[in-house]
Amino acid sequence: MLHNHSIGELADRLAAGQISSVELTGHFLARIERLNPGLNALITLTTEQALESAAAADRRLAAGERGRLLGIPLIHKDIFCTDGVRTSCGSRILDNFIAPYDATVVTRLKAAGAVMLGKANMDEFAMGSSNETSFYGPVRNPWDTTRVPGGSSGGSAAAMGARLAPFCTGTDTGGSIRQPAALTGVTGIKPTYGRVSRYGMIAFASSLDQAGVLTRTAADAAAVLEIMAGFDPKDSTSVDVPVPDYPALLEQPLKGLRIGLLREFFDGLEARNAALIEEALRVYRSLGAKTMEVSLPHLPLSVPTYYVVAPAECSSNLSRFDGVRYGYRCAQPKDLTDLYKRSRGEGFGAEVKRRIMTGTYVLSAGYFDAYYLKAQKVRRLITEDFRAAFQKVDLLVGPTTPTPAFAIGAKIDDPVTMYLNDIYTIGANLAGLPGMSVPCGFIDGLPMGLQLIGPHFSEDRLLGAAHQFQRATRWHEKVPGGYE
Amino acid sequence: MADWEVVIGLEIHAQLATKSKIFSGSATAYGAAPNTQANLVDLAYPGVLPVFNAEALRMAVKFGLAIGATIARRSIFARKNYFYPDLPKGYQISQYEQPVVGKGSLAVVLDDGAVKTIGVTRAHLEEDAGKSLHEGLANASGIDLNRAGTPLLEIVSEPDMRSAKEAVAYVKKIHTLVRYLEICDGNMQEGSFRCDANVSMRRRGADKFGTRAEIKNLNSFRFLEKAIQFEIARQIELIESGGMVVQETRLYDSDKNETRSMRSKEEANDYRYFPDPDLLPVEIDEEFIDGVRATLPELPDEKAARFAGDFGLSAYDAGVLCASRELGAYFESLVEALGAAHAKLAANWVMGELSSALNRDNVEIGAARVSAADLSALLGRIVDATISGKIAKDVFEAMWSEGKTADDIIEARGLRQITDAGAIESVIDAVIAANPKQLADYRAGKDKLFGFFVGQVMKATGGKANPAQLNDLLKAKLAAG
């Protein structure tokens, strides 16, 4: 079936004229129509626009143009602004917001000829680890629809797990690509901070947010990232480092690669999870890599550090949603204060408000030093720990999540337990490092992820290591029942 | 009153004359239709990001170099968080802990000729807010975001000023400087140069400062002076009647000439400053600073010192001529045409006739109706004794109103000075003959009557007699008896 082909295979078929982009797009639109109602993975369908873009891609193909993504469909996380299409960020406050411009990520993929099918559900403003905070309702995990797909890129992950598109964009502030990728049995990469432009990506925590992609395989991720990545003068924090040809670098030999096991990740790790990671390490050793244990002593402080830094930035980033220029405005405001209070009070959900309040608190006079400044110091220590570790090893590996997907409703009323779901992923965001999650097995029939973390701008190494793991294993080929 | 000393510190907001905004590509021109110069970044649309305009940095560094300030090799943009409709992001991007310009100072000349050095604590870059509009809107407020994102340089002084006059002298000096540097147009009506004053009182001789009030909305030098004077009187009266000055922000109302409380310290926002994660620290090297230094013009103080030294002008006159770059240039082109020997004449004319004509018609020197070339031609006619200084003033007025050259007016009106001694003598003879009583009184010792005879001769010649010659000849004739 078309939806189980790699992007490379689809591109070859398009190039050979065996299938048109319009047919391919139609195939995925039909799948979405049939399967999305049970998942709630997509919240906006752009059917007409998709068919037009596909027809345009077909014309380019007919004219002899070739490209890795030319004519390939995708789904964008609804955090990316898409010109003329509702961009809600999973929030009531932007439910009526039609973006007047394209995010740089959207522009680049559009220019490459990729075809947007629609927009994916997500935790409100990317704040959540279960996709239950969305104004549009929870997303269901295709492996077990009573369970969450993870978050915040839960819609993208569920859509990938259910094979509703060849690839889906995502964003990762504390694990929002890697954690849902793990919980839905797909591949996800969060690049180095600054590798992909943040322009047009609605900000949650600016110093941590990074766009990436969810795919079936590491090879697919390489093809997409090569298009998404690159310096953007519109984003001052994007970095002007040349983008390697990731697909061409997938076969870099692993012989002699030094893989570090994060000791801190194994403290208290559930036995079955630990066994999956051990098995993955055995695979790597069989591919010629050397494994050794390393320690990042400050890593256990990641979660509290993150939950100071991220809310602080979000409390300021979300101030622009004030009911004045766009988005939700309360009915019949009495005066300016009433307009602000009710537009924001009615427009934002509980988790977003919790983080705005936390962030406002930690930045307040009298608390700033004890919270925000202290957190920044710890952040530097964690970054330094990673830097020291990468003197000894080329890659770090560990679990992506502590547990497989949990039941919808199980943790939503217990924020701290929910926050701890990101315990293994947050470190890479605090240090700005690239991280990936690849399927590495199952617990109770639910997929689990192996996490790879590399030094800054080592995406080629991560993708190569993940690709070669996927050639040696079959976990990434597993498709949930009913979605084959 | 003598028991009290006022302490004044000033915050000046100078809009930098960049073509585009500090963090977006929108134009900064004044007066466009509302919201036509606001793009998605200025409107704070979801997902947009700021990109720093390096031109604003160059201008800030230029200012820092001109006041001998330390230039930070690394400065940081922070967010100042508060909600207001004219602040679309809900925060203003400003510099907080690490501003681009550090400590500097400048010297001001006071009315009595004394020179006082005023410290500048810092100058930092920030973005301006938009404007709320209330006029012509029933039951609603409008927001114009054209100004949102216009670059500002906030120049913060030390609390070094001890009178309203010192404060005005300081602000005028900064005003002159930013225009010299061509980093701000200095237009106070349009708000591109604004000033807030921190005013407190203390017993003369005390070490500690009193509680200060911050006065806003001072959009002219005159209002600055009047507002400070009002505030001094208000605070003294308050303290002397047993009250206490409270720390607050007060608004100056120029119609009523008073300051009114706007908000107290308790009502002040907690701005929750933190480094803006969307912008990298601004890092500059020696090469950059040297590049900016190379663009510095001759500064007003340097120019004034040169005028005083080269042309023998008083410090005061030199200072007046250097109040703007254009005025200085106008004066210098007169001197170039007439020669340094006539610099004093040129200075008197620029500060006298020219300045009063400019003030009367409320035009800038650049729009003067008599060009430097035309004025130097007129002054040339005084130098070569074609006309007297007095006649020249009439000619100048005619040039100003009619736009003709000095020579055309002199010829057309027959104003050429009489320098023929014989001709002057014959007029003197006639005047003396016609006034025998005055002659007798003069000779009896009433010296003051000399002026009477001068006046009569001038009247008879239509003011055209060469004054110096007339003086000599008349003295001789009257004495001749």
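Annotations
- Taking the stretch B:56-112 as the region of interest, the strands (runs of 3 or more DSSP E) fully inside it that hold 3 or more residues being within 14 Å of chain A (Cβ to nearest Cβ) and either at pLDDT 95 or above or within 24 Å of B:HIS175 (Cβ to Cβ) (or both) are B:77-81, B:91-95.
- Residue within the stretch A:145-152 that is under 13 Å from the mean Cα position of the chain (by Cα), within 13 Å of A:ASN40 (Cβ to Cβ) and not assigned by TED's automatic domain parsing to the domain that holds A:ARG344 present: yes
- For the stretch B:254-274, filtered to residues that are surrounded by fewer than 17 Cβ atoms within 10 Å (Cβ to Cβ) and touching a strand residue (DSSP E or B) at 6+ places or on another chain (Cβ under 6 Å), the residue that is farthest from A:TYR372 (Cα to Cα) is B:ARG260.
- Here the stretch A:72-89 is the region considered, the condition is being outside any strand (DSSP E or B) and within 12 Å of chain B (Cβ to nearest Cβ), and the residue that is farthest from the chain's Cα centre (by Cα) is A:ASP83.
- Any hit, the stretch B:139-157, residues being over 30 Å from B:LEU40 (Cβ atoms), part of a strand (DSSP E or B) and either out of contact with any helix residue (DSSP H, G or I) (no Cβ under 7 Å at 6 or more places or on another chain) or among the small types (Gly, Ala, Ser) (or both): yes
- Some residue of the stretch A:71-87 being in contact with an Asp or Glu (Cβ under 7 Å, 6 or more places away or on another chain), of a type in the set (Gly, Ala, Ser) and over 22 Å from A:PRO233 (Cα atoms): yes
- Flag for B:ASP160 being outside the structural domain of B:ALA329 (by TED's automatic domain parsing) and within 15 Å of the chain's Cα centre (by Cα): no
- Flag if A:THR383 is modelled with pLDDT of 95 or more and under 21 Å from A:LEU262 (Cβ atoms): yes
- Of all residue pairs spaced 6 or more apart or on separate chains, none has beta-carbon atoms under 7 Å together with a first member in the stretch A:370-390 that is free of Cβ contacts under 8 Å to residues at least 60 places away in the same chain and a second member that is basic (Lys, Arg).
Conditions tested, residue by residue: (1) within 20 Å of A:GLY170 (Cβ to Cβ); (2) exposed (fewer than 15 other Cβ atoms within 10 Å of the Cβ); (3) of a type in the set (S, T, N, Q).
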| site | (1), (2), (3) |
| --- | --- |
| A:LYS234 | no, no, no |
| A:TYR246 | yes, no, no |
| A:LYS255 | no, yes, no |
| A:ILE259 | no, no, no |
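- Filter result for A:ASN40 (over 19 Å from A:ARG216 (Cβ atoms), more than 14 Å from chain B (Cβ to nearest Cβ), part of a loop (DSSP other than H, G, I, E, B) and not β-branched (Val, Ile, Thr)): yes
- Residue tally, condition among the hydroxyl-bearing types (Ser, Thr, Tyr), touching a residue at least 24 places away in the same chain (Cβ under 8 Å), within 14 Å of chain B (Cβ to nearest Cβ) and out of contact with any Ser or Thr (no Cβ under 7 Å at 6 or more places or on another chain), over the stretch A:207-248: 2
- Qualifying positions in the stretch B:374-404 - of a type in the set (Gly, Ala, Ser) and either within 20 Å of B:VAL335 (Cα to Cα) or modelled with pLDDT of 90 or more (or both): B:SER376, B:ALA377, B:GLY380, B:ALA385, B:SER388, B:GLY389, B:ALA392, B:ALA398, B:SER401
- A:PHE204, sole failed condition from (1) within 14 Å of chain B (Cβ to nearest Cβ); (2) assigned to a loop (DSSP other than H, G, I, E, B); (3) more than 26 Å from A:PRO447 (Cβ to Cβ): (3)
- Total residues in the stretch A:106-129 satisfying the condition of being closer than 16 Å to A:ARG68 by Cβ and either surrounded by 24 or more Cβ atoms within 10 Å (Cβ to Cβ) or within 21 Å of the chain's Cα centre (by Cα) (or both): the figure is 7.
The values are calculated or read from the model by the stated rules, or taken from the named source; none is laboratory data. All of these numbers come straight from a predicted model, not from anything done at the bench. Heads up, the Cβs are rebuilt from the backbone with ideal geometry, glycines too, and the neighbour counts pull from every protein chain shown.
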